[in-house]
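Right, one structure below, let's go through it.
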Amino acid sequence: MTATLIDGKATGAALRARVAEAAETFGNRAGRPPGLRVILVGDDPASQAYVASKEKVGRGLGLDSRVERYPADLPEPDLLGRIAALNADPAIDGILVQLPLPPQIDPQRVIAAIDPDKDVDGFHPVNVGRLVAGLPGALVPCTPYGCWILLRQTLGTDRLDGRTAFVLGRSNLVGKPMAQLLLAANATVTVGHSRTEHPAALARQADILVAAVGRPGLVTADWIKPGAAVIDVGITRVDKPEGGYRLAGDVDFDAARAVAGAITPVPGGVGPMTIAVLLRNTVVAASRRTGTPVPDPVDLLL
Ligand code: GUN
């Protein structure tokens with residue numbers, strides 16, 4: 001058996017098309033486009049590439065999406081002051097501070113300073129609490145929400161219900177919110193991490209396996225229950241002998257493909273979903289904040 005490929009490129013493109021429609025509807029009703037500000041402190045090359053892409057894709061979909069760049073030695077109070085100004089700006093719906101931040105800045109203090117209703121990353125404690133408690137209005141972190149969309153699209157609603165899920169990784173960015181989304185969808189969820197004993201045996205019980213630890217090839221075919229849905233969040237740059245690098249997932253794709261029922265490739269799986277979800281979160285935040293009715297692009301997709 002060869003697993004079905006879960007095509008994040010196609011689903012990401014479909015979601016972006018829905019976001020563009022929603023942004024246009026919002027613009028017609030509110031008299032301005034949804035506004036997103038992405039703050040980059042310092043010049044980390046990977047972060048530079050990510051934020052440039054967020055700005056460009058956002059603009060292409062009709063958002064007022066802009067990067068603000070600050071030097072690596074920006075004092076924390078200056079950053080907090082800028083966030084306060086964006087919180088108070090009625091034309092701004094989404095604020096994202098790119099992580100990691102330089103050492104003089106406490107990321108938790110920065111995240112906590114963002115208006116929760118503009119926190120399109122879903123990292124603010126209020127949004128974490130809304131997700132865990134099942135309260136309305138949660139903005140959910142982009143990468144795990146993108147994984148959840150791919151799973152819903154692949155399996156349908158009913159097939160998450162009562163299924164066993166194993167989430168490998170417990171980061172605040174991916175593992176923990178992923179586990180909460182699966183729990184909210186009535187899956188039976190186990191979270192594995194670096195101290196977990198016998199992770200392969202636990203993983204092998206799971207109808208749904210999400211790997212998010214950034215260790216290339218850790219998940220081998222013997223971790224996978226035959227027919228399981230496998231979502232690979234890992235994207236690690238691995239140097240090639242001839243120079244340059246390739247992107248490697250946490251799952252040994254070629255071996256896993258023979259066992260799984262459905263699997264995301266790397267690249268082309270989860271990656272293309274993240275920015276699409278960020279822009280979806282921004283349009284939804286714009287709609288909620290201003291009381292402007294706009295259909296949720298994710299509802300139109302699933
Ligand atoms: N750095 C890597 N991924 C992310 C993300 O999703 N949001 C933010 N703010 N920073 C990141």
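The values are calculated or read from the model by the stated rules, or taken from the named source; none is laboratory data. This structure is a prediction, so every number in the text was calculated from the model and none was measured. Note: ideal-geometry Cβ built from the backbone for every residue, glycine included; neighbour counts use all protein chains shown.
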Test for THR282: is it within 16 Å of the ligand (Cβ to nearest atom) and farther than 30 Å from GLY27 by Cβ: no
Meets criteria (surrounded by 23 or more Cβ atoms within 10 Å (Cβ to Cβ), within 30 Å of HIS198 (Cβ to Cβ) and in contact with a His (Cβ under 7 Å, 6 or more places away or on another chain)) for GLY146: no
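Here is a list: ARG69, ARG37. Which entry is among the basic types (Lys, Arg), over 21 Å from ASP117 (Cα atoms), modelled with pLDDT of 95 or more and within 16 Å of the ligand (Cβ to nearest atom)?
ARG69
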So ILE92, is it within 15 Å of the ligand (Cβ to nearest atom) and at pLDDT 95 or above: no
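Assess whether ILE95 counts as being buried (at least 18 other Cβ atoms within 10 Å of the Cβ) and either of a type in the set (Phe, Trp, Tyr) or closer than 25 Å to GLY271 by Cα (or both).
Numbers: buried (at least 18 other Cβ atoms within 10 Å of the Cβ): yes; either of a type in the set (Phe, Trp, Tyr) or closer than 25 Å to GLY271 by Cα (or both): yes.
Against the criterion (buried (at least 18 other Cβ atoms within 10 Å of the Cβ) and either of a type in the set (Phe, Trp, Tyr) or closer than 25 Å to GLY271 by Cα (or both)), ILE95 qualifies.
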Neighbours by Cβ (under 6 Å, 6+ apart or cross-chain): first from region 274-290, without any contact (Cβ under 8 Å) to a residue 12 or more places away in the chain; second assigned to a helix (DSSP H, G or I) and away from the ligand (no atom under 16 Å from the Cβ): none
Count of region 75-92 residues which are buried (at least 18 other Cβ atoms within 10 Å of the Cβ) and either under 18 Å from the mean Cα position of the chain (by Cα) or assigned to a loop (DSSP other than H, G, I, E, B) (or both): 1
Residue satisfying all of: in region 40-64; under 19 Å from the mean Cα position of the chain (by Cα), away from the ligand (no atom under 12 Å from the Cβ) and among the small types (Gly, Ala, Ser); surrounded by the most Cβ atoms within 10 Å (Cβ to Cβ) among these: GLY58
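How many of the residues making up region 137-161 are part of a loop (DSSP other than H, G, I, E, B) and touching a strand residue (DSSP E or B) at 6+ places or on another chain (Cβ under 7 Å)?
Quick first cut of region 137-161, residues part of a loop (DSSP other than H, G, I, E, B) only: 137-141, 156-161.
Those left that are additionally touching a strand residue (DSSP E or B) at 6+ places or on another chain (Cβ under 7 Å): none.
Of the residues in region 137-161, 0 are part of a loop (DSSP other than H, G, I, E, B) and touching a strand residue (DSSP E or B) at 6+ places or on another chain (Cβ under 7 Å).
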Selection within region 96-113 - in contact (Cβ under 8 Å) with a residue 12 or more places away in the chain and more than 10 Å from the ligand (Cβ to nearest atom): PRO102, GLN104, ILE105, ASP106, ARG109, ALA112, ALA113
Candidate set: region 114-136, residues that are touching a residue at least 24 places away in the same chain (Cβ under 8 Å) and either assigned to a loop (DSSP other than H, G, I, E, B) or touching a Phe, Trp or Tyr at 6+ places or on another chain (Cβ under 9 Å) (or both); chosen: the one nearest to the ligand (Cβ to nearest atom): ASP121
Region 239-287 - residue that is among the β-branched types (Val, Ile, Thr), touching a helix residue (DSSP H, G or I) at 6+ places or on another chain (Cβ under 8 Å) and not in a helix (DSSP H, G or I) and, of those, farthest from ALA17 (Cα to Cα): VAL259
Selection count where residues are of a type in the set (Lys, Arg) and surrounded by fewer than 17 Cβ atoms within 10 Å (Cβ to Cβ), scope region 153-200: 2
